[in-house]
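*Asks:* This is the structure, below, for whatever I ask next.
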Amino acid sequence: MTVAFKDDEEPDEEPGKARRRPEPEYAPAPEPLPQWPEHGFTLSEARSWIDEGFAVAEAVRWRTSGVYTPDTARQWRTVGATPYTVNTWLSAGMTPRDAVRWRELGYTAQEATERHLAGENPTPRSWLHRLFHPRRDTARDNLGGERADAMKVLLHHGIPAAVARGFVDSDWSGGDALPWARRGIDPGEARVFLALGFEVGEAQKVLADGESAIELMATWWRAGIPVDEVAPWRAARFTAREAVEMRAEGTDVEQAKVLRALGGGA
């Protein structure tokens, strides 16, 4: 007599014994610590990746894809991303937490990034909402080569994805944006400060005084101070009115700095 089994069933090898399950596939064990430096890792970085269970080749792939810490790589891996697919999420300025929320609602990575870029929150949408809130064309929001490189630079230095995306969307290069992003200065304001000749530390002091970049620009321009003198006078802690008075007396900005340092300024 022939006994047939369903496609998803297999007979036990012996009556009364549980069927054998296929052995799970395991990731390769991390290589010994001395092998990591030749792949560009410091010993401290290598220990961190090893502690998270990453092999060196896998760690290299994650770093090449723009994920530079093992903790973040583990989070992305938990979401289901790989070094080959994570750029879809990163290019939209998304975090693993964002990805989890979208995936829980059944969205693919592409659908999630499109909706994220369109300003939607990861919540179910009714047909009525979709009718009155059509999704815009987000093809232009996909990061090209240079913008993707800028994003990777900022992420590599620990800048939050949302902050990094703001600078990238404002067409900053990674290196130029980094000092401003680290200080938490808005990319638009940073552009104004930079155009006026301010260093990032000087700009931060202006903001700490409760004055925005636009307010500063308007005040000094109304006072008739040349653009290339605004930053030196303001960085020397002079007001626009003081600068006007001192310039009228024949004092230039370099002399004003000396007077201020000696306590001779107002």
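*Asks:* Ala223 to His39: extension gain in nm, 0.36 nm per residue of separation minus the Cα-Cα distance?
*Replies:* Gain on stretching Ala223 to His39: 60.5 nm.
*Asks:* Over segment 42-100, consider all pairs of different Cα atoms and compute the Kirkwood hydrodynamic radius from their mean reciprocal separation; express it in Å, one decimal.
*Replies:* Radius from the Kirkwood sum: 11.4 Å.
*Asks:* Would you please state the base-10 log of I(q)/I(0) at q = 0.16 1/Å for segment 176-266, with intensities from the Debye formula using one equal scatterer on every alpha carbon?
*Replies:* -0.62
*Asks:* Grab the beta carbon distance between Thr251 and Glu52, set R0 = 41 Å, and tell me the FRET efficiency rounded to 0.05.
*Replies:* Result of the calculation: an efficiency of 0.10.
*Asks:* Work out the FRET efficiency for Asp169 and Glu199 from their Cβ-Cβ distance, taking R0 = 30 Å, and round it to the nearest 0.05.
*Replies:* Using R0 = 30 Å, I get an efficiency of 0.80.
*Asks:* Between Asp149 and Glu104, what is the label-to-label distance in nm when each label sits 7 Å out along the Cα-to-Cβ direction?
*Replies:* With each label placed 7 Å out from Cα toward Cβ, I get 3.8 nm.
Coordinate-derived values only; no laboratory data. Source: prediction; values computed, not measured. Please note: Cβ atoms are built from the backbone with ideal geometry, for glycine as well, and neighbour counts cover all protein chains shown.
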